[in-house]
Amino acid sequence: MQTKNRCAGSTTTAFILAFFLVVFTLVTVYLFVSKTWWFPETITPIGHEIDVQTQRTLWLTGIVFVLSQLGLAWVVWRYRNRGERARYSHGNNTLEVLWTLATALAFIGLGVLAQFTWAKIHLAEPEPDAVVIEVLGEQFAWNFRYPGPDGKFGRTRTELINSGAGNPFGIDRSDPAAADDIVVPILNVPVNRPIELRLRAKDVIHSFFVRELRLKQDAVPGLEIPLRFVAERTGDFELVCTELCGMGHQRMRAPFSVKTAAEYEQWLRDELALLQSNP
Ligand SMILES: [Cu+2]
């Protein structure tokens, strides 16, 4: 009588747990397949490659996830307490070697495939006609410097750095090349042109991240790190700091716009006029 009761108890528990696992798996698969919470559309060619790699990874890990969860549900149900004497398994070396090898192959394979895209981003040769923009992260703001019509960044001096006075880069305006350097708190770039950002940090490590570019790169004090991309679509986006950099970290964001060539040139002229009207 007692055995029978224990049996019934185990059946209910096993059913609930197995049922939960199946529902949980189906809901998870649905959320991914329907793209309920998904990345915003990318605006760079390299972004498409990164998305392909992400999809590839998700397919592989997704299949493993579904098989293992359903397998778990089956085991929970199959080996519920049926009042029988328990039997023990002592493992299966062949199976263990096989799934360890399969996992290693999958991870190394994905890693090798991802290297090609990674190399395109980080080992790319600088484009001679790239639009070069300096990016300086500081607690808790982003600053951008454009070289102005002469195409040259002017001299900077550490002792001139004064964010409160609008000179976070420490630009020495007495240098003729520095006279037309434009410093702004927003990042504007022209569409379909190679862009080269030069990332720096003034105080602590910050991190440059724009979702639509699929680029995330630390800005490190003492280093100048290039970040290259081509935006193939105009629009307004947002740059955020993704390195916890202090109490105001969540405020550290800046508007990022991709403009048509004409809009971009006009914006540069407007900024230059503003600079020259109150130097
Ligand atoms: Cu930051």
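Annotations
- Candidate lysines - alpha carbon under 27 Å from Lys35, same-chain residues fewer than 8 apart omitted: Lys216
- Highest-fluctuation residue, Arg253, Arg173, Arg211 considered, GNM on the chain with Cα pairs under 10 Å: Arg173
- Measuring how big the range 131-277 is from its alpha-carbon positions, Rg and Dmax come out at 14.6, 40 Å.
- Within the accessible area of the chain, the carbon and sulfur atoms contribute 62%, probe 1.4 Å, all protein chains present.
- When Phe107, Phe65, Phe256, Phe32 are compared by accessible area of protein heavy atoms, the largest-first order is Phe107, Phe32, Phe65, Phe256, using a 1.4 Å probe.
- Added length on full extension, which subtracts the Cα-Cα distance from 0.36 nm per residue, Ala106 to Ala262: 51.4 nm
- FRET efficiency, 1/(1 + (r/R0)^6) with R0 45 Å, evaluated for Trp37 and Tyr79 via beta carbons: 0.80
- Rg [Å, one decimal], Dmax [Å, integer] - the chain, C-alpha atoms: 27.7, 98
- Only Lys, Arg (+1) and Asp, Glu (-1) charged, at Cβ; the chain dipole about Cα centre in debye: 2120 debye
- Estimated from the Cβ-Cβ distance and a Förster radius of 30 angstrom, the FRET efficiency linking Ala130 and Asp203 is about 0.65.
- Antiparallel %, DSSP beta bridges [both residues in the range 131-277], to 5: 70 percent
- Nearby lysines by direct alpha-carbon distance to Lys152 (threshold 19 angstrom, same-chain neighbours under 8 apart not counted): none
- Whichever aspartates and glutamates have a C-alpha closer than 20 Å to that of Lys202, once near sequence neighbours (fewer than 8 apart) are set aside: Glu134, Glu138, Glu159, Asp172, Asp181, Asp218, Glu224, Glu243
- Whole-Hz couplings from phi, Karplus 6.51/-1.76/1.60, listed for the range 51-56; x for Gly and Pro: 5, 4, 5, 4, 4, 4
- Cα pair distances of the range 1-122 binned at 10 Å [whole percent]: 11, 26, 27, 19, 11, 5, 1, 0
- GNM top mover of Val258, Val230, Val52 - the chain, alpha-carbon springs below 10 Å: Val52
The values are calculated or read from the model by the stated rules, or taken from the named source; none is laboratory data. The structure displayed is predicted, hence computed values, not measured ones. When we count neighbours, we look across all protein chains shown, and the Cβ atoms used for this are built from the backbone with ideal geometry, even at glycine. These area figures cover heavy atoms from the full protein model, side chains too; ligands, DNA and RNA do not enter into them. Shrake-Rupley method; radii C 1.70, N 1.55, O 1.52, S 1.80 Å.
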